[in-house]
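Below: the structure, in structure tokens.
A short reminder: the numbers here are calculations on the coordinates, not readings from a lab. Keep in mind that what you see is a predicted model, and the values were worked out from it rather than measured. Virtual Cβ from ideal backbone geometry, glycine too; neighbours counted across all protein chains shown.
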Amino acid sequence: MKNSSSDGLISIVMPFKNTAVFLEECIQSILSQSYENWELIAVNDHSTDNSEQIIQAISDGDMRISVLQNEGSGIISALQTAYKQSVGGFITRMDSDDIMPHRKLETLLKNLQKHGKGYLSTGLVSYFSEKGISEGFHNYEQWLNKLTSSGLNFTELYKECVIPSPCWMIYREDFDACGGFNSDTYPEDYDLVFRFYKSGLKCTPCNDILHLWRDYTTRTSRTDPNYADNGFLVLKTHYFLALSYNNTKPLALWGAGKKGKFIARKLIEANIAFTWVCDNPKKLTKQIYNHGLCRVEDVEELKEMQHVISIAQPAAQIQIKNQLNSLGLQPMKDYYFFC
């Protein structure tokens, strides 16, 4: 019989699909953890390589490892299948192509227990790849780790996913309270983070690298259409309107590039009026979706508005942030960066 949740059992849920080349290293990093009271529930998402045979052979020698077949298809179904069989009082997720540093589980658990329920424990991440890490991934890693080191992840929630999907731990009760893996919405990791935020969870600060994140060309987040940019924008706009939009204030949308146009369409579909701010002289003379654009200098009520910013250039973001701050406006209340 497995240990009860009161004994500090950590349930690790891990979908896997065609990751045979990485699985042994991944599982070995879990077996080598300094904290040993865990269960690994690995779910085979219809692999066509020998992934299942590899992990099954390892599980035969360790009763803490269970290997299941996905009851449906895809990561969400695999996560749901795994979670239904879990019994630990603490929940975490692992990706089958990544590596756990030796003290990952111990550190996540200690930080979580230190702060108690109502908190989400996470840690710094480090990308690695045989071909080297791109500038984009390097920038994302730095941005994410800066937020995590201070526990301020949710302050930039609408930019990108602010919690690394395979590097968090939570009390089971808190996980269930925010819906756990029950949502069928992709990208599932970002959707879960929005629900963490909606439930009022706070993040524990951490300065330890607790996850080694592998990048390669066939990685799911690179190839699966569920993780395309439009999916992220749909999710951001949906949760902004559900959680953050203040319908007692006028709304300003900054930027008329690809992302700005996408957000504008969603606002129009929702019958939400907005002032469209743009600094491109060519676009100022046109109407887009039958909607005029204007310069920020021509917006009289800037201080009284909520602002969604779709402009990605770092220098421009700093300038906009300074301008809005000078008006006494606050991030995640009065203005939101969507990229």
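For this structure, a couple of remarks:
- Evaluating 6.51 cos²θ - 1.76 cosθ + 1.60 at θ = phi - 60° for every residue in the stretch 139-150, the Karplus couplings come out as 5, 5, 4, 5, 5, 5, 5, 5, 5, 5, 4, 10 Hz, glycine and proline recorded as x.
- Among 252-265, 274-287, the order from most to least packed when residues are scored by Cβ within 10 Å on average: 252-265, 274-287
- Mean shadow area of the stretch 182-339 over all directions, Cα convex hull, nm²: 12.1
- Tilt relative to the chain, helix 229-239 - C-alpha long axis, 0 to 90 degrees, to 10: 80
- Pairwise label distance in nanometres, Ile209 with Asn271, each label 7 Å out on the Cα-Cβ vector: 5.3
- Extension gain, His238 back to Asn50 (0.36 nm per residue minus Cα-Cα distance, nm): 63.7 nm
- Cross-link partners of Lys114 among aspartates and glutamates (Cα-Cα below 15 Å; sequence separation of 8 or more within a chain): Glu106
- Footprinting exposure proxy ranking of Val234, Val162, fewest other C-beta atoms within 10 angstrom first, gives Val234, Val162.
- Phi to ³J(HN,Hα) by Karplus 6.51 cos²θ - 1.76 cosθ + 1.60 over the stretch 18-28, Hz, x for Gly, Pro: 6, 10, 3, 5, 10, 4, 4, 5, 4, 5, 4
- The ranking of Cys203, Cys161 from fewest to most other beta carbons within 10 Å of each one's beta carbon is Cys161, Cys203.
- Fluctuation leader among Ser149, Ser11, Ser47 - the chain, Gaussian network, Cα springs under 10 angstrom: Ser47
- Filter on Lys104/Lys236; Lys258/Lys286; Lys249/Lys303; Lys236/Lys286 - keep pairs with C-alpha separation over 21 Å: Lys104/Lys236; Lys236/Lys286
- Using the Cβ-Cβ distance between Gln85 and Glu135 with R0 set to 41 Å, the FRET efficiency from 1/(1 + (r/R0)^6) comes to roughly 0.50.
- Radius of gyration and Dmax over the Cα atoms of the stretch 5-227, both given in Å: 16.1, 44
- Distance histogram for the stretch 35-111 (every C-alpha pair counted, 5 angstrom bins, percent rounded to whole numbers): 3, 13, 24, 26, 21, 10, 3, 0
- Between Lys282 and Leu68, the modelled labels are 5.4 nm apart [label points 7 Å from Cα along Cα→Cβ].
- Cα Rg over Rh - the stretch 249-339, Kirkwood: 0.93
- Alpha carbon centroid spacing (whole Å) that separates the stretch 95-151 from the stretch 260-339: 32
- Estimated FRET transfer efficiency when R0 is 56 angstrom, pair Asp176-Asn290 (beta carbons, to 0.05): 0.80
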